[in-house]
């Protein structure tokens, strides 16, 4: 994203801008409040790309964008509070920012919020809420969320136990090459009769087209 933005600035300047001038324009847009640029500048500081790596500076720019409602920045700030890079580790604040991004439809944030509810880190443990957020992310093609949703159906945690639904979600993850999903799917396959297995396989085709193909 950062390099795409700088390329556009380069087109605007034609051949008259130096690298330093491009970086200055980029920085000025962040200072002026452009949220995408602020988030990208945060990523640059987090990774050390084009600037000295500085986790505190990364958090500073993530926060500026996050407080203006930028979903990617909110997610990145949640990750910062999860890892303790640039800020003290704080599960509650991580959940706060994951939730803000998740409510805007950010699949990674939805998945991470689901994990938080499943583990009780930063929020009271609640399997039903975990499944709710797994499903939202799973329906956007998030493979880890799809796997966790399948396991939830298999174990009956947060949803009524349903081996057909478990097979369906695990099967579409398996179809993406996940070896663990293949192994777990095959365990639950043994619990399905011929009719149920046929139903699960048909649903798998439907779900793959709906919840995997559009996001590849």
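What follows is calculated from the coordinates using simple rules that are stated; it is not laboratory data. Small disclaimer: the values here were computed from a predicted structure and weren't measured. Using ideal geometry, Cβ is built from the backbone for each residue, glycine included, and neighbour counts are taken over all protein chains shown.
Can you tell me which of 178, 162 is without any contact (Cβ under 8 Å) to a residue 12 or more places away in the chain, within 23 Å of residue 208 (Cβ to Cβ) and in contact with a helix residue (DSSP H, G or I) (Cβ under 7 Å, 6 or more places away or on another chain)? Reasoning before the result, please.
On the way: 178 fails: without any contact (Cβ under 8 Å) to a residue 12 or more places away in the chain.
Residue meeting the stated conditions: 162.
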In the stretch 187-209, residues that are farther than 12 Å from residue 169 by Cα, in contact (Cβ under 8 Å) with a residue 24 or more places away in the chain and not in a loop (DSSP other than H, G, I, E, B) total 3
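Inspect the stretch 67-78 for any residue being over 24 Å from residue 138 (Cα atoms) and touching a helix residue (DSSP H, G or I) at 6+ places or on another chain (Cβ under 6 Å) and give the result as yes or no.
To start, the set of residues in the stretch 67-78 that are over 24 Å from residue 138 (Cα atoms) comprises 67-68.
Still in the running and touching a helix residue (DSSP H, G or I) at 6+ places or on another chain (Cβ under 6 Å): 68.
There is at least one residue in the stretch 67-78 that is over 24 Å from residue 138 (Cα atoms) and touching a helix residue (DSSP H, G or I) at 6+ places or on another chain (Cβ under 6 Å).
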Out of the residues in the stretch 108-125 that are touching a residue at least 24 places away in the same chain (Cβ under 8 Å) and over 19 Å from residue 80 (Cβ atoms), state the one that is farthest from the chain's Cα centre (by Cα). 118
Inside the stretch 142-163, can you point out the residues that are part of a helix (DSSP H, G or I), over 21 Å from residue 201 (Cβ atoms) and over 21 Å from the mean Cα position of the chain (by Cα)? 155
So how many residues does the stretch 79-100 have that are within 16 Å of residue 46 (Cβ to Cβ), in contact with a helix residue (DSSP H, G or I) (Cβ under 7 Å, 6 or more places away or on another chain) and part of a helix (DSSP H, G or I)? 5
